[in-house]
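Enquirer: Mind looking over this structure? Questions follow.
The values are calculated or read from the model by the stated rules, or taken from the named source; none is laboratory data. Predicted model, so just to flag it, every value in this text is computed and none were measured. Cβ placement follows ideal geometry from the backbone for every residue including glycine, while neighbour counts extend to all protein chains displayed. The area values use the complete protein model at the heavy-atom level, side chains included, leaving out ligands, DNA and RNA. Shrake-Rupley method; radii C 1.70, N 1.55, O 1.52, S 1.80 Å.
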Amino acid sequence: RMIFDHPEEEWNIKRMSDITGYSESRLQTLYKQIYTVSCMEDVLRNKIRYSRHLLITTSKSLDIIAKECGFNSYEHFARTFKRISDCTPSEFRKAEGIESL
């Protein structure tokens, strides 16, 4: 639940393992069995979900949105967004009728 409530934070297997009390391998196995996706893929999908919300509801720059969603660089954000959404953040914003900065 924490990864969905705080998509801007830096999530990794070690941190999630420490929080849950499971070993890293056990956590990854259980997570995949329960949610049918890896922990880190879920983290990235949630960050992109949050970025879509920001793209639609704000006029913040793409660089700012990338940082607010916990990405270290705009390039990583854009690559991940395109892989998950099949379009770039700019294309998504444009398709939603929002002017980008």
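Enquirer: List every residue pair whose Cβ atoms sit under 9 Å apart, with the two residues 6 or more apart in sequence or on different chains, where the first one lies in region 1-16 and is free of Cβ contacts under 8 Å to residues at least 60 places away in the same chain and the second, anywhere, is surrounded by 12 or more Cβ atoms within 10 Å (Cβ to Cβ) and part of a loop (DSSP other than H, G, I, E, B).
Expert: So the pair list comes out as MET2/GLU9; MET2/TRP11; ILE3/GLU9; ILE3/TRP11; HIS6/GLY70; TRP11/GLY70; ARG15/GLU9; MET16/TYR22.
Enquirer: Could you check how many residues of region 50-99 are part of a helix (DSSP H, G or I), open to solvent by 60 Å² or more (accessible area, probe 1.4 Å) and free of Cβ contacts under 8 Å to residues at least 40 places away in the same chain?
Expert: Residues that pass the stated criteria total 14.
Enquirer: Would you confirm whether any residue within region 21-41 is in contact (Cβ under 8 Å) with a residue 24 or more places away in the chain and of a type outside the set (Asp, Glu)?
Expert: Residues of region 21-41 in contact (Cβ under 8 Å) with a residue 24 or more places away in the chain: 39-40.
Of the ones still in play, those that are also of a type outside the set (Asp, Glu) are 39-40.
The answer is yes; a qualifying residue exists.
Enquirer: Need the failing condition index for GLU8 against (1) in contact with a helix residue (DSSP H, G or I) (Cβ under 8 Å, 6 or more places away or on another chain); (2) open to solvent by less than 60 Å² (accessible area, probe 1.4 Å); (3) acidic (Asp, Glu), just the number.
Expert: (2)
Enquirer: Something else: So, in region 53-82, of the ones that are under 15 Å from PRO7 (Cα atoms) and β-branched (Val, Ile, Thr), which residue ends up nearest to the chain's Cα centre (by Cα)?
Expert: Ranking the candidates gives THR80 first.
Enquirer: Quick check on ILE19: is it more than 30 Å from GLY97 (Cβ to Cβ), surrounded by fewer than 19 Cβ atoms within 10 Å (Cβ to Cβ) and in contact with a helix residue (DSSP H, G or I) (Cβ under 6 Å, 6 or more places away or on another chain)? Talk me through it step by step, then tell me what you get.
Expert: Working: more than 30 Å from GLY97 (Cβ to Cβ): yes; surrounded by fewer than 19 Cβ atoms within 10 Å (Cβ to Cβ): yes; in contact with a helix residue (DSSP H, G or I) (Cβ under 6 Å, 6 or more places away or on another chain): no.
No; evaluated as a whole, the condition is false for this residue.
Enquirer: Follow-up question, since we're still on this one. Determine, yes or no, whether ARG26 is assigned to a helix (DSSP H, G or I), farther than 23 Å from ARG93 by Cα, among the basic types (Lys, Arg) and open to solvent by 70 Å² or more (accessible area, probe 1.4 Å).
Expert: Details: assigned to a helix (DSSP H, G or I): yes; farther than 23 Å from ARG93 by Cα: yes; among the basic types (Lys, Arg): yes; open to solvent by 70 Å² or more (accessible area, probe 1.4 Å): yes.
Here the answer is yes, as ARG26 does meet what is asked.
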